[in-house]
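Below is one structure; the comments refer to it alone.
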Amino acid sequence: MRFRSLGSGSRGNATLVEFNAQALLIDSGFARRTMLQRLTEAGVEHGALKAAFVTHEHSDHAKGIQSLCEHLNIPFYASFGTARRMEWTGHSLWRCLVSDKPVDVASMQVTPVVVPHDAHEPLQFVIQSAEGRRLGILSDLGSLTSHVVNSYRDCHALQVEANHDPVMLANGPYPPSLRARVAGAYGHLSNEQCADFIRRVKWPGLKHVSAGHISEKNNDRNLVAQVLAEAIGCSPQDVPLLSQDEMSDWVALND
Ligand SMILES: [Zn+2]
Ligand SMILES: [Zn+2]
């Protein structure tokens, strides 16, 4: 199994996961044309994409889903709460996700995990390949519940949100209401909360951790790397940081 981010941040998120020449998409927060371009640049034939999974209805995650999936004629999976907000409940390509109930697609098993975020039924995902490799994708949550921590144990790779630095957020350009939302229990993870999460799920099999959904206004990439390096146990320059406008490299989970 291998994966790569097609972009991550408050202006759009998408992650590609591939196993045995078949691929899944987690979120599509970019316009259809951008998504099709990035899939091609990523070297994934459009016919290899078998399904898309949607974390929640916020436009940086859900914007391009319907149009892309209709174009490719592939199912998109989302919770009932997300589907209702997006007016997908009558759509023939929509498949309903239920928290903790795994879905098998393209020789991968996707387990949805409910998270605390200010959306209608937000989920995040743990993806396991038929050969037992586990990838955890976690963003858009304001706090760590024991259910989240337990669900992301035994992952070989993680892509996790390091959204903001609390001091930069407090002194940043956001109006007070938005600041409170981001920092709240249903907002986004700070760098320190991200580090705390990594410490709690770390085990010898965890080989890769990348940080995503990094705020361009309320965070500093050097700071993210410093805070996470300590938790991961590597040097700051070796912490992979995802970016909004560029795809990451493929990360393989084979060793
Ligand atoms: Zn988001
Ligand atoms: Zn969100």
**Fill in**
segment 161-234 and segment 34-90 have their Cα centres apart by a whole-number Å value of 26
**Item:** Average accessible area per residue (Å²) across segment 117-255 - probe 1.4 Å, nucleic acids and ligands excluded
**Value:** 44
**Order by protection proxy (mean Cβ within 10 Å, highest first), peptides 82-90, 189-197, 39-47** = 189-197, 82-90, 39-47
**Message:** Solvent-accessible area of HIS164, probe 1.4 Å, all protein chains present, reported in Å² to the nearest ten, please.
**Reply:** 10
**Lysine pairs in segment 2-252 with Cα atoms under 28 Å, if 8 or more residues apart or on separate chains** = 7
**Item:** Rg/Rh ratio calculated on Cα atoms of the chain (Kirkwood radius)
**Value:** 0.94
**Item:** Within the accessible area of the chain (1.4 Å probe), percent carbon and sulfur
**Value:** 47
**Item:** Neighbour-limited loop hits for trypsin sites (Lys or Arg not before Pro), segment 182-217 (at most 12 other Cβ within 10 Å; DSSP other than H, G, I, E, B)
**Value:** LYS217
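The values are calculated or read from the model by the stated rules, or taken from the named source; none is laboratory data. Just so you know, these numbers come straight off a predicted model, no measurement behind them. When we count neighbours, we look across all protein chains shown, and the Cβ atoms used for this are built from the backbone with ideal geometry, even at glycine. Remember, those area values only see protein heavy atoms, side chains included, never the ligands or the DNA or RNA. Shrake-Rupley method; radii C 1.70, N 1.55, O 1.52, S 1.80 Å.
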